[in-house]
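The values are calculated or read from the model by the stated rules, or taken from the named source; none is laboratory data. Every value quoted in this text rests on a predicted model; they were computed, and no experiment measured them. Note that each Cβ is placed from the backbone with ideal geometry, even for glycine, and that neighbours are counted across all protein chains shown. Side chains are part of the model used for accessible areas, which takes the heavy atoms of the whole protein and leaves out ligands, DNA and RNA. Shrake-Rupley method; radii C 1.70, N 1.55, O 1.52, S 1.80 Å.
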Number of protein chains: 2
Amino acid sequence: MANIKEIARIAGVSVTTVSRVLNNHPYVKEDKRRAVLETVERLNYSRNINALHLLKGRTQIIGVILPMINHSYFGVMMEGIAQEALKSGYQLMVSQTSYQPEEEQRMLEMMRNKQIDGVIICSRSLPLEHLEAYNPYGPIVLCEEIGPRPMSSVFLNHYQCFQEGIRYLWNKGHSSIGYSISRMEGPSSSRRYEAYCDMHEELGIPVNPSWIYDHCLDIEDGVLLVRRMLEQADRPSALIVTSGQVAAGILLEAGRQGLRVPEDLALISFDNMPISEVLGITTMDNGIYTMGASAMSIADELIRGTTSSPMTKEIPFQLIERSTA
Amino acid sequence: MANIKEIARIAGVSVTTVSRVLNNHPYVKEDKRRAVLETVERLNYSRNINALHLLKGRTQIIGVILPMINHSYFGVMMEGIAQEALKSGYQLMVSQTSYQPEEEQRMLEMMRNKQIDGVIICSRSLPLEHLEAYNPYGPIVLCEEIGPRPMSSVFLNHYQCFQEGIRYLWNKGHSSIGYSISRMEGPSSSRRYEAYCDMHEELGIPVNPSWIYDHCLDIEDGVLLVRRMLEQADRPSALIVTSGQVAAGILLEAGRQGLRVPEDLALISFDNMPISEVLGITTMDNGIYTMGASAMSIADELIRGTTSSPMTKEIPFQLIERSTA
DNA sequence: ATAATTTATGAAACGCATTTCAGAGCAAGG
DNA sequence: CCTTGCTCTGAAATGCGTTTCATAAATTAT
């Protein structure tokens, strides 16, 4: 209710002095300082942060664009972002876009409007050129490999990651290898497909498109994958799957259907979630949490102006051998 | 870069006129309107929303307090909140508190600071009295039953819900019934315990505290629950579990350990997630999504001033019979 | 033709806190 | 004693868009 002017009036000082007290500036006589503090207390004053935002042109808010909040992949990433945001004193504004370009755009406009200081894009549907247009208004950090574009990005080398996964399965004696994708990782799924094809060529085994299972996001999708697979005459003997959740679903349904893992079906999952550990799922740890945290910390650096040019960070991956492959 | 003053200068009109054009007010001659629009376009003008926030004292932002983002329970709730926020034109500011009171407090302070128009508390650790102190600054909507306190809430009748679950299992012939809790639903877990005890008394069966499994949030916890349970000499024949995720974990591990469901272990899960459907898990649909959506819509109503007194909404639940109990 | 509206436009106030600038008072250094 | 340098304080400018109020011009009603 009360504003700084009223505090000044009642405490018998100028607004400048009040401001100084509130911001711990030096050069305020002890008695005035006390008078101000007391009035602030008495009137239960709280500063209107919007005035500050207007004045500074900054808000200490980062916008996060993601298609769906309730999904382990983005959940973990978000967790990383949130943790880092907390550390560096930012608030997060999330926009669940469902891949609607207008929603993504809206968040970018918020940056132009100075409502947020930067944007982290976990997954998008707007074209990169379009995003670039917003470069002047604040840092945009993408969670994907974007090549030589003037935006920052944190990414995983999906190609290599996949390559290594396939090689591992091959070395274990598998030559019919399938994989699941979630589709959401749009740009990266093509990189995976490349890796899949290239490796198959290198190893001299034919590619089988019906072993690529789309729309696999969660446990239930793993369950459904197994059911789909069992209807196929020709089945893969090993799978690389999108997430620990999907792997758990597969494991569950495989058990019900009498498929032994890894004997009848080998599995590598693509993130290192607690489930994977508990269930002993062989995993390619792709550090999504780190990815989120890095994205946030890059955004922070760019906003604070420590660095001005776009930054790029590759997140390392690591195969964790357990017992499903 | 450019502000409304500059637009006015260049277009040769007053700032008032520019504002009118921008807000589609009537009474602006067509030629001036065009001049303004053209200048806006040419200078790539975008209005500074912070000025508006300051002026209006409102931001169209709702703060969401939740302990962890990456958890199906809160994920679903958040999804409901987000969906409704989208509809009614709010942005969401999320704070992942990890149950740290300071973090919860920080968000409340943001409301006092006029940075957010209201707060939705999915789960909290601050005491209710403490929250009440923030009542004057905007609506606080809690996702739990709070009794006759002057705050809004959306809640589930955990007592009845649990009661019904136990009765169902009893009718199926079970007299050794256990349950899992996530602990996070702090206030509600005591209601459940009451229901558990009361029902046991009513049915004349003894309560067994070692059949209450704590810290069950996700698949892995379901897996671990089964392992814990198998170490017990005296085991429950039926379980009511916190979520579809946990149920899936139990199902998975039960299968591995040779426990048949529902013959050796009956299961009722406590939310109706896709997994539950795919896996045929008997479920008490507790409408968490609806809970989130309702919380948001109540917040909206209170902010818009449609209603001024606190609102309360009980979310209905419904038992969905499938094949695990 | 005169009164009553409606249309059109701009100046100024408002919301609020920070910061720059200028000036006054006082102590230390030469 | 005078200068230099702090310490302390407040007026005014700043950031920016909306809205109220006043005024003028153009219509419509009587």
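Between chains B and A, what is the buried accessible area summed over both chains (1.4 Å probe, protein heavy atoms, nearest 100 Å²)?
Details: alone 15970 and 15970 Å², together 27260 Å².
Separately minus together, B and A give about 4700 Å² buried.
Any idea of residue A:239's accessible area? Nearest 10 Å², probe 1.4 Å.
For residue A:239, the solvent-accessible surface is approximately 0 Å².
With a 1.4 Å probe and every protein chain kept in, tell me what percent of the accessible surface of region A:158-285 is carbon plus sulfur. Write down the numbers at each step before the final one.
Working: 2170 of 4750 Å².
Carbon plus sulfur share of accessible area: 46 percent.
In whole Å, what is the distance between the alpha-carbon centres of region A:199-216 and region A:175-197?
8 Å
Net charge within 14 Å of residue B:296 by Cβ-Cβ distance, Lys/Arg positive one each and Asp/Glu negative one each, not counting residue B:296 itself?
Spelling it out: positives minus negatives among the neighbours equals -2.
Quick one: if the Förster radius is 41 Å, what FRET efficiency do residue B:55 and residue A:38 give, using the C-beta to C-beta distance and rounding to 0.05?
After rounding, the FRET efficiency stands at 0.85.
In whole Å, how far is the Cα centre of region B:267-286 from that of region B:108-156?
What the calculation gives is 30 Å, centre to centre.
For region A:229-325, build the charge dipole from Cβ charges (+1 Lys, Arg; -1 Asp, Glu) around the Cα centre, then report which of A:241, A:289, A:316 sits farthest towards its positive end.
A:289
Within chain A, which is the longest segment that contains none of the GluC sites (Glu not before Pro) sitting in a DSSP loop with at most 15 other Cβ atoms within 10 Å? Let's see the in-between values first.
Details: sites that count: A:231, A:263, A:321.
My reading of the result: A:1-230 is the longest stretch.
Rounded to the nearest 10 degrees, what's the angle between the helix B:186-203 long axis and the longest principal axis of chain B, both from Cα atoms, 0 to 90?
Helix B:186-203 sits roughly 30 degrees off the main axis of chain B.
What FRET efficiency comes out for residue B:22 versus residue A:105 if R0 is 25 angstrom and r is the Cβ-Cβ distance? Round to the nearest 0.05. Let's see the in-between values first.
Working: r = 19 Å, r/R0 = 0.75.
Efficiency at R0 = 25 Å is approximately 0.85.
Is there a simple number for the mean count of other chain Cβ atoms within 10 Å of the Cβ of residues in B:65-72, and what is it?
Working: counts 0, 0, 0, 4, 12, 15, 4, 7.
Taking the mean over all residues of the peptide, I get 5.
Which FRET efficiency value, to the nearest 0.05, is calculated for residue A:205 and residue B:132 with the Förster distance at 60 angstrom and r the Cβ-Cβ distance?
0.35
So if I take the alpha carbon set of the protein assembly as shown, get Rg, then get Rh from the Kirkwood formula, what is the Rg over Rh ratio? Walk me through the intermediate numbers first.
Working: Rg = 27.8 Å, Rh = 27.2 Å.
So for the protein assembly as shown, dividing Rg by the Kirkwood Rh gives 1.02.
Pull out the extension gain between residue B:264 and residue B:113, defined as 0.36 nm times the separation in residues minus the alpha carbon to alpha carbon distance; nm, one decimal. Working shown, then result.
Working: separation 151, 0.36 × 151 = 54.36 nm, distance 5.64 nm.
Answer, rounded to one decimal: 48.7 nm.
What's the magnitude of the charge dipole for the protein assembly as shown around its Cα centre, counting Lys and Arg as +1 and Asp and Glu as -1 at the beta-carbon? Answer in Debye, nearest 20. Can you show the working numbers first?
Working: 60 positive and 76 negative charges, 622 e Å.
Its charge dipole is roughly 2980 debye.
Could you tell me which of rounded, prolate or oblate describes chain A, using a ≥ b ≥ c as the square roots of the eigenvalues of the alpha-carbon gyration tensor, with rounded for a/c under 1.5 and, failing that, prolate when a/b is larger than b/c and oblate otherwise?
Details: a/c = 3.23, a/b = 2.57, b/c = 1.26.
It comes out prolate by the Cα gyration axes.
Output the pairs from A:87/B:87; A:114/B:114; B:5/B:114; B:5/B:29; A:29/A:56 with a Cα-Cα distance over 22 Å in this structure; if there are none, say none.
On the way: A:87/B:87 32 Å; A:114/B:114 17 Å; B:5/B:114 26 Å; B:5/B:29 19 Å; A:29/A:56 27 Å.
The pairs that break the limit, which is 22 Å between Cα atoms, are A:87/B:87; B:5/B:114; A:29/A:56.
Rg/Rh for region B:158-285: what does it come to with C-alpha atoms and Rh from Kirkwood?
Values: Rg = 13.1 Å, Rh = 14.2 Å.
The Rg/Rh ratio comes out at 0.92.
Could you tell me how many degrees, from 0 to 90 and to the nearest 10, lie between the Cα long axis of helix B:101-112 and the main elongation axis, the longest principal axis, of the Cα atoms of chain B?
That works out to roughly 30 degrees.
Quick one: which bits of region B:190-228 get at least 40 Å² less accessible when the partner protein chains are in, versus the chain alone, with a 1.4 Å probe?
SASA drop of 40 Å² or more in region B:190-228: B:219, B:220.
Hey, for residue A:14 with labels 7 Å out along Cα-Cβ, what do the inter-copy distances come to in nm, ordered shortest first?
For residue A:14, the other copies' label points sit at 3.2 nm, shortest first.
Give the nm distances, rounded to one decimal, from residue A:100 to the matching residue in every other copy, measuring between label points 7 Å along Cα toward the beta carbon; shortest first.
Between copies, matching label points for residue A:100 lie 3.4 nm apart.
Report, for chain A, the % of DSSP beta bridges that are antiparallel, rounded to 5. Mind dumping the intermediate values first?
On the way: 3 of 32 bridges.
Restricted to chain A, the bridges split so that about 10 percent are antiparallel.
In the Gaussian network model of chain A, springs joining C-alpha atoms below 10 Å, which of A:280, A:118, A:178 carries the largest mean-square fluctuation?
Ranking A:280, A:118, A:178 by mean-square fluctuation puts A:280 first.
Count the DSSP beta bridges whose two residues both fall in the protein assembly as shown, then state the antiparallel fraction as a percent rounded to the nearest 5.
Values: 9 of 67 bridges.
About 15 percent, rounded to the nearest 5.
For n ≥ 4 DSSP H runs only, could you compute -39500 (n - 2.57) per run for chain B, divide by its residues and tell me the 222 nm figure to the nearest 500? Write down the numbers at each step before the final one.
On the way: 13 runs with 153 residues, N = 325.
That comes out to -14500 deg cm²/dmol.
Per residue, how much accessible area does region B:158-285 show when a 1.4 Å probe rolls over the protein heavy atoms, in square angstrom? Working shown, then result.
Details: 4740 Å² over 128 residues.
Per residue, region B:158-285 has an accessible area of 37 Å².
Could you check the spin-label model distance between residue A:167 and residue B:83? Points 7 Å from the Cα along Cα→Cβ, value in nm.
So the two model labels end up 4.5 nm from each other.
Have a look at region A:32-49 and report residues whose accessible surface goes down by 30 Å² or more when the remaining protein chains are included, against the chain on its own, probe 1.4 Å, ligands and DNA/RNA excluded.
A:44, A:46, A:48, A:49
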